Amino acid sequence: MAIKRKPTSIMPCYKPFEHTLINKGIKKQTLRDELGISGATFSKMKRNESLNIDTIGLIYEYLECESIEEIVRFVPIEPEESPSK
């Protein structure tokens, strides 16, 4: 069985997606209705969790993006602060 690995120093950030929707005047509900994207996917995006590349590709294609950075970019993972004792 393959071990699932995740990046340890970077994570996805979907803020560009929010800006792209605003700039193009498209609502998330439109993507849900026309592409069948689930609410769970938007929840993952809000929490900056990983998405399937096909889902990103579907959104990219629908929004007629010129760069994937209009949807997602990778940012450094901030080290967690040590709890004070």
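The values are calculated or read from the model by the stated rules, or taken from the named source; none is laboratory data. Just so we're clear, the structure is a prediction, and the values are computed from it rather than from any experiment. For neighbour counting, all protein chains shown are included, and Cβ atoms are generated from backbone atoms with ideal geometry for every residue, glycine included.
When residues of the range 12-44 are filtered for being closer than 15 Å to Glu69 by Cβ and of a type outside the set (Lys, Arg), how many remain? Going through the range 12-44 one residue at a time, the tally reaches 10.
The residue pairs whose first member lies in the range 1-24 and is at negative phi and at pLDDT 85 or above, whose second member is acidic (Asp, Glu) and not in a helix (DSSP H, G or I), and whose beta carbons are closer than 9 Å, counting only pairs six or more residues apart or on different chains, are Met11/Glu49; Pro12/Glu49; Lys24/Glu64. Taking each residue of the range 32-61 that is on the phi > 0 side of the Ramachandran plot and looking for partners that are outside any helix (DSSP H, G or I) and surrounded by 12 or more Cβ atoms within 10 Å (Cβ to Cβ) with beta-carbon atoms closer than 8 Å, six or more apart or interchain, yields Asn48/Met11; Asn48/Pro12; Asn48/Cys13; Asn48/Tyr14.
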